[in-house]
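All remarks here apply to the structure that follows.
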Amino acid sequence: MQDRPTIYELLRSVERFLRDDVVPATDGRRQFLARVAANAIGLVERELQGEAEHAAREWAGLDALLGEEPMPGGRDALADAVRVRNDALCARIRAGEYDAASAARTALLAHVRAVVRDKLLVTNRAYLEADGDLG
Amino acid sequence: MKPDQIAARLTPFLERETGGPVSIANVRTMTGGATREAWSLDATVHEGDTPRELGLVLLIFRPGGQRAFSAHDEFRLLAATRAAGAPVPKPMFVGEEALGRPFYMMERLSGETIGRRLVREERFAEARRALPVQLAEALAAIHRVPLDGRDALDFLPRPEPGKPVVASELERLETMYRQITVEPHPAFEIAFRWLAERQPTSTDVALVHGDFRIGNVMVGEEGLRAVLDWELAHAGDPYEDLGWLCVRSWRFGVDHLPMGGIARREELFDAYARASGRPVDPDVVRFWEVYGNLRWGVFTLVQVRSFLEGLSQSVELASIGRRTAETEWELLNLIEGKGF
């Protein structure tokens, strides 16, 4: 185990440095980029916090649509497996399997919406807030 | 290129063009895009003995890069749209040898282009009232530009011969998506299917600006001053421009006003129908709005590619990769009937 500060504490300190020190001390393009960088740090923090839960939800949704498979452990193996399964899902969509209004289409849309919602919880909560989708 | 190099090389060029002595000052870099450098400069030229001050924007086209047409073509395009009555910066000079790269110069206008400010700041309240009609009229003028005949704009990308205009656009976008994406995007696949099933039977082909939105127009406190950023212009369905103007990303957070964060869609439709004489079918524009959100989604993939491939280290480009989800979300809203 590493000593304190934790990953989150470190990230927050970098974010605060960018936002409170660099942004006010710069202007124009550099200030804009400093703000973008601070936002990126905040994003990483939220991603780390939500990662396990979001991955489990996406996997369960893919199980429901494509049939159950054991979820691999380890971040890289999981990312590869999710990509392969999404490729399979995309192939089905392209083949027209979900074109007609049906229980399958409803399930597909609910799954894709849930996955995209999890992405936005990390990258842009304001989008969800504006749509009353923050719960 | 450095400011003093630009001044040194452009002075003899402008002297040839204007037939009199020229001096150049205040050469400054402006924010450029991926395909071009933008500079601001002041030139003093002479008409006979009378000096005249010109405030100019210089656009130098970078080598390589994805680009549909040349500096010379874009110069002609600006001249043609101006002649049709659209508010466009006046194109002034075009050349290549003087700078060793294709370039053109246009008049420099003042005003605000930053969308976030235009949709929110109190000083643009009057502009926001005027813009729906002004933008509709500008679009109507652009869509009137003759594509054929004398001074034909034959360099513009057009629908494939014999293929309907809508099918051509869809196919072009899907090809771009398949070439560029490194990851599967189920929401985009759903959107491509949705669009394929609902293609309007448009046959009308007009000059389409292709990137007509808040952020690409220059606005003063009184309203619209100029339409900028013509590099995505093409011959296509004029309603494409109306849909693009309503894409969620160009609302800059003011989501209850779908037309660029400043007006309801219906205000745009009514004003455009009056200005152009073309009826507006909301379902057709809805098609193009879905298409527009998908197109912006594909463009985010295009932009992040240069970061992923190591061509750029920009934190801005990197962050654009995480904006793709916004377009996926909006597409799901629109497809499920929640965004209209």
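The values are calculated or read from the model by the stated rules, or taken from the named source; none is laboratory data. Since we're looking at a predicted model, the values are computed, not measured. Here the Cβ positions follow ideal geometry from the backbone for every residue, glycine too, while neighbour counts run over all protein chains shown. Note: accessible area is taken over every heavy atom of the protein model, side chains too, but ligands, DNA and RNA are not part of it. Shrake-Rupley method; radii C 1.70, N 1.55, O 1.52, S 1.80 Å.
Quick notes on this structure:
- Student exercise, the stretch B:101-242 dipole from Lys, Arg, Asp, Glu Cβ charges, in Debye to nearest 20: 240
- Given +1 at the Cβ of Lys and Arg, -1 at the Cβ of Asp and Glu and no other charges, the dipole of the stretch B:168-327 around its Cα centre is 240 debye to the nearest 20.
- Taking every C-alpha pair closer than 8 Å and separated by at least 6 residues, the mean separation divided by the residue count of the stretch A:7-130 gives a relative contact order of 23 percent.
- Spin-label proximity, B:L109 to the stretch B:78-98 - amide N less than 11 Å from point 7 Å beyond Cα toward beta carbon: B:82, B:86-91
- Spin-label model, B:N26 to A:D27: label points 7 Å out along the Cα-to-beta-carbon direction sit 1.7 nm apart.
- For the protein assembly as shown, with +1 on Lys and Arg beta carbons and -1 on Asp and Glu, the positive-most of B:A226, B:G337, B:S319 along the dipole: B:A226
- Exposure of A:I41 as accessible area (Å², to 10), given a probe of 1.4 Å and all protein chains: 40
- Think of the protein assembly as shown as having a plus end and a minus end, set by charges on the Cβ of Lys, Arg, Asp and Glu; of A:L128, B:H72, B:V145, B:H72 sits farthest toward the positive end of this dipole.
- Annotation: Cα Rg of chain B relative to the compact-globule expectation 2.2 N^0.38 Å equals 1.03.
- With all protein chains in place and ligands, DNA and RNA left out, the 1.4 Å accessible area ranks B:R67, B:R128 as B:R67, B:R128, largest first.
- Computed over chain B, relative contact order equals 14 percent, with contacts defined as Cα pairs under 8 Å that lie 6+ residues apart.
- Carbon and sulfur %, accessible surface of the protein assembly as shown computed with the full protein complex present, 1.4 Å: 51
- Based on every Cα atom in the stretch A:7-130, Rg and the maximum pairwise Cα distance Dmax equal 18.8, 56 Å.
- Straight-distance crosslink candidates among aspartates and glutamates, where the alpha carbon sits under 14 Å from B:K2 and sequence neighbours closer than 8 are dropped: B:E37
- Toward the positive end of the charge dipole of the protein assembly as shown, with +1 on the Cβ of Lys and Arg and -1 on the Cβ of Asp and Glu, the farthest Cα among A:V22, A:L89, A:L11 is that of A:V22.
- Principal semi-axes in Å for the stretch B:273-316 [√(5λ), Cα gyration tensor, largest first]: 36, 11, 6
- Annotation: aspartates and glutamates with alpha-carbon distance below 16 angstrom to A:K119 (same-chain offsets under eight excluded): A:E45, A:E47, A:E51, A:E53, A:E58, A:E129, A:D131, A:D133, B:E183, B:E326, B:E328, B:E330.
- Heavy atoms of B:K338: accessible area, 1.4 Å probe, square angstrom to 10: 120
- Evaluated over the stretch B:3-107, the Cα radius of gyration and Dmax, each in Å: 13.7, 44
- Kirkwood Rh (inverse of mean 1/r, distinct Cα pairs), the stretch B:51-156, angstrom: 16.1
- The protein assembly as shown: radius of gyration over Cα atoms, expressed as a fraction of 2.2 N^0.38 Å: 1.07
- For the stretch A:7-130, the solvent-accessible area of protein heavy atoms averages 56 Å² per residue (probe radius 1.4 Å; ligands and nucleic acids excluded).
- Measuring how big the stretch B:153-226 is from its alpha-carbon positions, Rg and Dmax come out at 16.3, 46 Å.
- For the stretch B:297-340: span of alpha carbons on each principal axis (Å, largest first): 39, 14, 10
- Excluding ligands, DNA and RNA and using a 1.4 Å probe, chains A and B jointly bury around 2900 Å² of accessible surface, summed across both partners.
- Stretch gain in nm, segment B:A273-B:R9, where the contour uses 0.36 nm per residue and the Cα spacing is subtracted: 90.3 nm
- Rounded to the nearest 10 degrees, the inclination of helix B:324-335 to the longest alpha-carbon principal axis of chain B is 50 degrees.
- Here the label points at B:H72 and B:H256, each 7 Å from Cα along the C-beta direction, are separated by 5.3 nm in the simple model.
- Estimated dipole of the protein assembly as shown in Debye, rounded to 20 [Cβ of Lys and Arg +1, of Asp and Glu -1, Cα centre]: 360
- Pairs of C-alpha atoms in the stretch B:196-329 farther apart than 25 Å represent 30 percent of all such pairs.
- Probe 1.4 Å, protein heavy atoms only - accessible area per residue of chain B in square angstrom: 43
- 1.4 Å probe, heavy atoms, protein only - residues of the stretch B:252-297 losing at least 10 Å² accessible area vs chain alone: B:D255
- To the nearest 10, the accessible area of B:R9 is 100 Å² with a 1.4 Å probe.
- For the stretch A:1-59, the alpha carbon convex hull comes to 85 Å³ per residue, rounded to a whole number.
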